[in-house]
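Below: the structure, in structure tokens.
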Amino acid sequence: MKIPKIPLSDWVDALLDWMQSHLGFLFSLISGIVEPIVAFFQGIFSILPPIVTIVLIALYSWWLARWRMGLFSLFGLLLIDHLGYWKESVETISFVLTSALISILIGIPLGIWLGRNRTGHKVVSPLLNLMQTIPAFVYLIPAVFFFSLGTVSGIIASVIFSMPPTIRMTSLGLRQVPKELLEVADAFGSTPAQKLWKIEIPVARPTIMAGINQTLMLSLSMVIIASIIGTGGLGERVLQSLTDLQVGKGFEAGLAIVIIAVIFKRLAQSVAKKDR
């Protein structure tokens, strides 16, 4: 006897159609929030001439991560501008910062809740495991369906893909706070809010920053993948070079991504060290 095929694809399509019909206003609202954030970051990096922006970034890197990182940022970004990838780099940086910002704004509060709620932690942890197990390409499917092709779809997929580390590390940091400190706070009559802001978050800050660093790197790793759905930036240049078999152009765009990744990583690490 042949077992009938489960119409799983039909169920998923029906669910997506229902969401599109009844929650369309929500997706429009999300697009209305994401697009101005991207435009804001692009405006910050485009308002001044590239050379001025590069010098300011280099000075900030020098101040935050010492002179070697400042020189690397200066010469690395000058190389990107010299190769003609500054506009694409601004789009990529805006993409990464927007997706990382949204991931952090959602991930840290959720991580705090999970760190203080064991039942919630047990329920959400399998979902976080699933989010990190699913290939990044899969996230593009519902993102495109709800938000069409473009930057917003790529950012939504990137948020889903890169948010779990922030949630995990925030939860872990709060659960690692010594119980003795919390008992002392209780003995002095501290409120839950006072314990959170004056004890738990300061103690857990290095762990939280490690999660933010991972989120930044995962957001950057989505640049090339998201370029498939038209997010632009350096990822689109890499994809185009692969399609046209232009190895040299692909190497240049890939080098620009590497330079930006190193700057992001080192600056995030420096911020984490300053918080210790």
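Hey, does segment 201-216 have a residue that's out of contact with any helix residue (DSSP H, G or I) (no Cβ under 9 Å at 6 or more places or on another chain), on the phi < 0 side of the Ramachandran plot and of a type in the set (S, T, N, Q)?
Kept after step one, since they are out of contact with any helix residue (DSSP H, G or I) (no Cβ under 9 Å at 6 or more places or on another chain), are these residues of segment 201-216: 202.
Still in the list and also on the phi < 0 side of the Ramachandran plot: 202.
Restricting the remaining residues to those that are of a type in the set (S, T, N, Q) gives none.
No.
May I ask you to list the residues in segment 16-37 that are more than 24 Å from the chain's Cα centre (by Cα) and either surrounded by 11 or more Cβ atoms within 10 Å (Cβ to Cβ) or within 16 Å of Ser148 (Cα to Cα) (or both)? Reasoning before the result, please.
So in segment 16-37, the residues more than 24 Å from the chain's Cα centre (by Cα) come out as 16-25.
Of everything in segment 16-37, those that are more than 24 Å from the chain's Cα centre (by Cα) and either surrounded by 11 or more Cβ atoms within 10 Å (Cβ to Cβ) or within 16 Å of Ser148 (Cα to Cα) (or both) turn out to be Leu16, Asp17, Met19, Gln20, Ser21, Leu23, Gly24, Phe25.
Could you count how many residues in segment 71-107 are of a type in the set (A, V, I, L, M, F, W, C) and under 14 Å from the mean Cα position of the chain (by Cα)?
So the first thing to find is which residues in segment 71-107 are of a type in the set (A, V, I, L, M, F, W, C), and the list is 71-72, 74-75, 77-80, 83, 86, 90, 93, 95-97, 100-102, 104-106.
Then keep just the ones that are under 14 Å from the mean Cα position of the chain (by Cα); that gives 93, 95-97, 100-102, 104-106.
So the answer is 10.
Give the residue that is modelled with the highest pLDDT, with candidates limited to residues of segment 158-194 that are surrounded by fewer than 15 Cβ atoms within 10 Å (Cβ to Cβ) and among the polar types (S, T, N, Q).
So the residue we want is Gln176.
Step by step: first the residues of segment 202-224, then only those that are in contact with a Gly (Cβ under 7 Å, 6 or more places away or on another chain) and closer than 15 Å to Ile112 by Cβ, then the one that is surrounded by the fewest Cβ atoms within 10 Å (Cβ to Cβ). Which residue is that?
Thr207
From Thr119, Thr53, which residue is among the β-branched types (Val, Ile, Thr), more than 23 Å from Gln214 (Cβ to Cβ) and modelled with pLDDT under 90? Quick ask: steps written out before the conclusion?
Numbers: Thr53 fails: modelled with pLDDT under 90.
One residue alone meets the criteria, Thr119.
If we keep just the residues of segment 127-147 that are out of contact with any Lys or Arg (no Cβ under 8 Å at 6 or more places or on another chain) and over 25 Å from Trp18 (Cβ atoms), which is surrounded by the fewest Cβ atoms within 10 Å (Cβ to Cβ)? Before the answer, list the steps.
Of segment 127-147, the ones out of contact with any Lys or Arg (no Cβ under 8 Å at 6 or more places or on another chain) are 127, 129-147.
With the extra rule that they be over 25 Å from Trp18 (Cβ atoms), the set shrinks to 129, 132-133, 135-136.
Values: Asn129: 12, Gln132: 14, Thr133: 7, Pro135: 9, Ala136: 17.
Residue satisfying both the conditions and the ranking: Thr133.
So, in segment 47-87, exactly how many residues are of a type outside the set (Phe, Trp, Tyr) and in contact with a Lys or Arg (Cβ under 8 Å, 6 or more places away or on another chain)?
Summing the residues that are of a type outside the set (Phe, Trp, Tyr) and in contact with a Lys or Arg (Cβ under 8 Å, 6 or more places away or on another chain) in segment 47-87 gives 4.
Within segment 11-48, count every residue that is more than 16 Å from Ala143 (Cα to Cα) and hydroxyl-bearing (Ser, Thr, Tyr).
1
Working carefully through the options Ile37, Ile80, find the one that is in a helix (DSSP H, G or I), closer than 30 Å to Arg205 by Cβ and in contact with a helix residue (DSSP H, G or I) (Cβ under 8 Å, 6 or more places away or on another chain). Show your work before the answer.
On the way: Ile80 fails: closer than 30 Å to Arg205 by Cβ.
Just one listed residue meets the conditions, Ile37.
Among Ile199, Ile167, which is the only one that is in contact (Cβ under 8 Å) with a residue 40 or more places away in the chain and either part of a helix (DSSP H, G or I) or among the acidic types (Asp, Glu) (or both)?
On the way: Ile199 fails: in contact (Cβ under 8 Å) with a residue 40 or more places away in the chain.
Among Ile199, Ile167, only Ile167 is in contact (Cβ under 8 Å) with a residue 40 or more places away in the chain and either part of a helix (DSSP H, G or I) or among the acidic types (Asp, Glu) (or both).
Just to verify a result, which residue in segment 225-255, among those that are closer than 15 Å to Glu91 by Cα and of a type in the set (Gly, Ala, Ser), is surrounded by the most Cβ atoms within 10 Å (Cβ to Cβ)?
Selected residue: Ala226.
Glu252 passes all but one of (1) of a type in the set (Asp, Glu); (2) modelled with pLDDT of 85 or more; (3) in contact with a Pro (Cβ under 8 Å, 6 or more places away or on another chain); which number fails?
In the conditions (1) of a type in the set (Asp, Glu); (2) modelled with pLDDT of 85 or more; (3) in contact with a Pro (Cβ under 8 Å, 6 or more places away or on another chain), Glu252 misses (3) alone.
Which one of these does Val258 not meet: (1) within 26 Å of Gly107 (Cβ to Cβ); (2) of a type outside the set (Lys, Arg); (3) crowded, with 22+ Cβ neighbours inside 10 Å?
The number of the failed condition is (3).
Could you identify the single residue in Leu101, Leu71 that is in a helix (DSSP H, G or I), out of contact with any Ser or Thr (no Cβ under 6 Å at 6 or more places or on another chain) and either among the aromatic types (Phe, Trp, Tyr) or under 23 Å from Phe146 (Cβ atoms) (or both)?
Working: Leu71 fails: either among the aromatic types (Phe, Trp, Tyr) or under 23 Å from Phe146 (Cβ atoms) (or both).
Of the residues listed, the single one that is in a helix (DSSP H, G or I), out of contact with any Ser or Thr (no Cβ under 6 Å at 6 or more places or on another chain) and either among the aromatic types (Phe, Trp, Tyr) or under 23 Å from Phe146 (Cβ atoms) (or both) is Leu101.
Of a type outside the set (D, E, K, R) and more than 27 Å from Arg66 (Cα to Cα): which single residue out of Leu255, Leu218, Leu234 fits that description? If you could, list the steps in order and put the result at the bottom.
Working: Leu255 fails: more than 27 Å from Arg66 (Cα to Cα); Leu218 fails: more than 27 Å from Arg66 (Cα to Cα).
Matching residue, one of Leu255, Leu218, Leu234: Leu234.
List every residue pair whose Cβ atoms lie under 9 Å apart, where the two residues are 6 or more positions apart in sequence or sit on different chains, the first residue falls within segment 231-258 and is at negative phi, and the second residue, located anywhere, is among the aliphatic types (A, V, I, L, M) and not in a helix (DSSP H, G or I).
Sorted first by the residue in segment 231-258, then by its partner, the pairs are Thr231/Leu149.
The values are calculated or read from the model by the stated rules, or taken from the named source; none is laboratory data. What you see is a predicted model, and the numbers here were worked out from it, not measured in a lab. All Cβ positions, even for glycine, are placed from backbone atoms using ideal geometry, and neighbour counts span all protein chains on display.
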